[in-house]
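The values are calculated or read from the model by the stated rules, or taken from the named source; none is laboratory data. A quick note: this is a predicted structure, and the numbers were derived from the prediction, not measured. Neighbour counts run over all protein chains shown; Cβ positions are idealised from the backbone, glycine included. Remember, those area values only see protein heavy atoms, side chains included, never the ligands or the DNA or RNA. Shrake-Rupley method; radii C 1.70, N 1.55, O 1.52, S 1.80 Å.
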Amino acid sequence: MPQSLNAPPLWRSLRLRLGAGAFVFLSTIFALVSVNTRRVLEEVALESSRLAAAQVAQTLNLALAPHTESSQTLARIQPYLQELVTPQGGGVLYLVLLDERGRELARTDAVPAVLPPVDHDLAGAWTRGLLHLEQDILLGGQQVGRLRYGLSSTLLRDASDRLKRQNLITYGLLALALVLVLALLLRRLGQRLNRLTDAGTRMAKGDYEQSVREEGHDELTLLARVFNRMAAAARSRIRELESSQAAVRELNEALEARVEQRTAELLTANHHLEQTLADLRRLQASLVQSEKLASLGSLVAAVAHELNTPIGNALTVATGYAHKARVFDEQARARLQRQTLEQFLTDSAEAAELLLRNLLKASELITSFKHVAIDQTSSKRRHHDLARTLQDILTTLAPALKHRPIQVETDLEPDVRMNGYPGPLGQVINNLYNNALLHAFDADQPGVMHISAHRIDEQRVRLTFTDDGHGMDEATLHRIFDPFFTTRLGRGGSGLGMHIVHNIVVGLLQGQIEVRSQPGLGTQVEIVLPIDVGTHASASSDLGDPS
Ligand SMILES: Nc1ncnc2c1ncn2[C@@H]1O[C@H](COP(=O)(O)OP(=O)(O)O)[C@@H](O)[C@H]1O
Ligand SMILES: [Mg+2]
């Protein structure tokens, strides 16, 4: 809860408390002083009463002792007694003379009818204005009688009363002066305090242009000075704050502008990047396509080259045979000899056999090529015999080995009916085959390639493609499927072969592929494929299982 800034009620104000405190303090001191004065006065009065009583007693004793031979003579000093009394007051007021047995012998006037008792306690009695006292009359140390007398104390009492009155007046005057002085002081104090409070209140409301007059040299002056310093400090702080706020605002605006600019730049850059990425994707697709076409092209070239031999042979045979037929025709027209006929028949059979063998070989080549080429240019799914398909592929690839000392071993399980994509499978084998020829072996280095295909179970087959060539190091193996990664840049490598292999095996064929290799120990590529891509759900991993 916020505390109120209003002035406190009068009963809680510091001024009232200060005034009341001073008043109570001074009153107490005054009361103490006046009580003490009175006590001292009373003591003095009492003492002087005692002194007066003792003096009177001594005087009386001295005056009366010579007349005390007998009670009769004592009785005769009555008029003399009257002389001792001072009727104006202030001295002895009455006298009564008694004998040793207490019988009255003489008395003055103005003795009370009944003799009052003797005042033993003078402190209580002197305020009455009259003390009743007694004095033994001694003669030669012998008590001869007693004297009762009244002693006036009015002078003392009046003096005391006067002092009391004067005290009271002094007290009243002092109190009045005190009240006036206090009122003046407190009023001035109040004004100065009010000025401070007002300035403080205005400052609390947010007006910091405040200062208080620094009058005098007291604590309030110090307070005012401190207040002024504080206000000045607050003002300079506020100015600093305002300027730093402005700076922060400016900075913020600049920052926002920069962020906006950067965002715009980033958006543009992002747009460019997206375009570049799309371009790259298109380029990659077209490169993949051209890589496929290139492998097909080299296949065509190899097959055409291979066809050259049987067809050339057939042509030579046919040409020779045509010549022989013409010669035979001429000979037969002239005169046909039996020996000539037999020779011609033998030649014919030989030529036919040669033609047949060469044309058969060409036909075989063309059939394999037809299968592979058709498959490779389409991605149609169809039923096929795995061993047969692999054999066809290897047949079309065989020409590439013509001048190289490389042996191809196969271990293909027969009668594995696949429902899959023989064309893409051919591309896979093609790439692995070409990689072995390009990377595993030097041009005239002898080596062995081994291709095997076996069922794992009813659903899956495992294909392995092994070479005993150079192998590869860890770093190459690690990046082998990356597009455009090649260790033979500009020397027949495009870096797309294994990327395509991976895409086909994992994508279209829904299988898995793993490559194991070490430098100098050759390379093994292991592929696990579903037998029926149509019913295959997910090919659980069977890679690395050597069984
Ligand atoms: N059988 C292999 N023996 C040794 N290294 C190979 C073999 N197959 C692939 N490699 C390495 O993998 C790299 C990538 O192969 P690939 O993607 O087919 O690209 P490319 O053949 O165009 O270089 C090759 O550059 C080569 O270093
Ligand atoms: Mg390659």
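The Rg/Rh ratio for the range 384-547, using Cα coordinates for both the radius of gyration and the Kirkwood hydrodynamic radius, is 0.95.
Please list, by residue number, every one of the trypsin sites (Lys or Arg not before Pro) in the range 425-503 that is coil in DSSP and has at most 14 other beta-carbon atoms within 10 Å. Could the numbers behind the result be given before it?
Working: sites: 455, 460, 462, 479, 488, 491; in loops: 488, 491.
Counting only loop positions with at most 14 other Cβ atoms within 10 Å, the trypsin sites (Lys or Arg not before Pro) in the range 425-503 are 488, 491.
Under 14 Å from a point placed 7 Å out from the Cα of residue 30 along the Cα-to-Cβ direction: which residues of the range 155-174 have their backbone N that close? Residues 165-174 qualify, since their backbone N sits under 14 Å from the label point. Free of any GluC sites (Glu not before Pro) that DSSP assigns to a loop and that have at most 15 other C-beta atoms within 10 Å, the longest stretch within the chain is 216-457.
What FRET efficiency do you get for residue 62 and residue 37 if R0 is 41 Å and r is their Cβ-Cβ distance, rounded to the nearest 0.05? Can you show the working numbers first?
On the way: r = 37 Å, r/R0 = 0.90.
Calculated value: 0.65.
State the antiparallel share, in %, of DSSP beta bridges confined to the chain, rounding to the nearest 5. Expressed as a percentage, antiparallel bridges in the chain total about 85.
Ignoring everything except DSSP H segments at least 4 long, calculate the 222 nm mean residue ellipticity for the chain; use -39,500 (n - 2.57) per segment, divide by total residues, nearest 500. Let's see the in-between values first.
Values: 11 runs with 314 residues, N = 547.
The per-residue figure over the chain is -20500 deg cm²/dmol.
Solvent-accessible area per residue in the chain equals 62 Å², computed with a 1.4 angstrom probe and all protein chains kept.
Were the residues from residue 315 through residue 343 laid out at 0.36 nm apart, the gain over their Cα-Cα distance would be 8.0 nm. A Förster radius of 30 Å combined with the Cβ-Cβ distance from residue 521 to residue 434 puts the calculated FRET efficiency at roughly 0.90.
Between helix 422-435 and the chain, what is the angle of the helix's C-alpha long axis to the longest principal axis, kept within 0 to 90° and rounded to the nearest 10? For 422-435 against the chain, the angle is about 90 degrees. Computed with a 1.4 Å probe on the full set of protein chains, the accessible area for residue 484 sits at about 100 Å². Full extension of the chain between residue 15 and residue 208 gives 66.7 nm of extra length, using 0.36 nm per residue less the Cα-Cα distance.
With all protein chains present, how much of the accessible area of the range 371-477 (probe radius 1.4 Å) comes from carbon and sulfur, to the nearest whole percent?
Values: 2450 of 4900 Å².
Here it works out to 50 percent.
Here's the list of aspartates and glutamates a cross-link from residue 324 could span, going by alpha-carbon distance under 17 Å and ignoring same-chain residues fewer than 8 apart: 342, 347, 350, 353. Computed with a 1.4 Å probe over protein heavy atoms only, the accessible area of residue 344 comes to about 30 Å².
Calculate, in whole percent, how much of the Cα-Cα pair population of the range 11-182 lies beyond 25 Å.
Values: 7335 of 14706 pairs.
In whole percent, the share of Cα-Cα pairs in the range 11-182 beyond 25 Å is 50.
Our summary gives the chain a relative contact order of 7 percent, counting only alpha carbon pairs under 8 angstrom and 6 or more residues apart. For the range 384-547, the relative contact order works out to 23 percent when only alpha carbon pairs closer than 8 Å and six or more residues apart are counted.
For the chain, what is the charge dipole size about the Cα centre, in debye to the nearest 20, if Lys and Arg each add +1 at the Cβ and Asp and Glu each add -1 at the Cβ? Mind dumping the intermediate values first?
Working: 57 positive and 61 negative charges, 558 e Å.
Value, rounded to 20: 2680 debye.
Site pair residue 185 and residue 329 shows an inter-label distance of 16.3 nm when each label is modelled 7 Å from Cα along Cα→Cβ. Evaluate E = 1/(1 + (r/R0)^6) for residue 197 and residue 270, where r is the Cβ-Cβ distance and R0 equals 56 Å; express this FRET efficiency to the nearest 0.05. After rounding to 0.05, the efficiency reads 0.30. Relative to its residue count, the range 211-288 spans a Cα convex hull of 75 Å³ per residue. Put a dot 7 Å past the Cα of residue 450, heading toward its Cβ, do the same for residue 366, and the two dots end up 3.8 nm apart.
Could you work out the Rg to Rh ratio of the range 91-202, with Rh taken as the Kirkwood radius (inverse of the mean 1/r over all Cα pairs)?
Working: Rg = 30.1 Å, Rh = 19.4 Å.
Radius of gyration relative to Kirkwood radius: 1.55.
Against the chain, whose longest principal axis is taken from its Cα atoms, helix 219-335 shows a tilt of about 10°. Between residue 139 and residue 380, the contour length at 0.36 nm per residue exceeds the alpha carbon distance by 69.2 nm. With unit charges on the beta carbon (Lys/Arg positive, Asp/Glu negative), name the residue among 498, 189, 175 whose Cα is farthest towards the positive pole of the charge dipole of the chain. Positive-end residue among those listed: 175. Semi-axes of the equivalent ellipsoid of the chain are 165, 31, 17 Å, computed as sqrt(5λ) over the eigenvalues of the C-alpha gyration tensor in descending order. Relative to the longest principal axis of the chain, what angle (0 to 90°, nearest 10) does the C-alpha long axis of helix 386-397 take? The two axes meet at around 70 degrees.
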